[in-house]
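The values are calculated or read from the model by the stated rules, or taken from the named source; none is laboratory data. If you're wondering where the values come from, they're calculated on a predicted model, not measured in any experiment. As a convention, Cβ positions derive from the backbone with ideal geometry for all residues, glycine included, and neighbour counts pool all protein chains shown.
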Amino acid sequence: MIAISTNELDQEELQRKVNSARLAYEQLLNRLTETRSQEQLQKADARIIEQATVPGTPSAPKPKLIAVLGPCWAWRSALA
């Protein structure tokens, strides 16, 4: 009778472990499915047409333009 109770307790403990492992597996499988579906949504449709070139001169600031317009702006501000 004691042996049967011990076996039943062992069986119940094993069943709890099986249920716990099954739940963990199902959660991981669901997470994997979600991750794969997100990866499919995030694929870019862009591609490189040609390589970028390095410009020879900077596009801004333009020192010559500032040198010409700066005094004009200062003169106009002084008159106002």
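Computed values, structure above
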quantity: Count of residues meeting criterion [hydrophobic (A, V, I, L, M, F, W, C), at pLDDT below 85 and not in a loop (DSSP other than H, G, I, E, B)] in the range 41-65; calculated: 1
quantity: From the options 62, 43, residue that is at negative phi, charged (D, E, K, R) and surrounded by 10 or more Cβ atoms within 10 Å (Cβ to Cβ); calculated: 62
quantity: Among residues of the range 1-28, those that are hydrophobic (A, V, I, L, M, F, W, C) and surrounded by 10 or more Cβ atoms within 10 Å (Cβ to Cβ), counted; calculated: 7
quantity: Condition check for residue 6: in a helix (DSSP H, G or I) and modelled with pLDDT under 85; calculated: yes
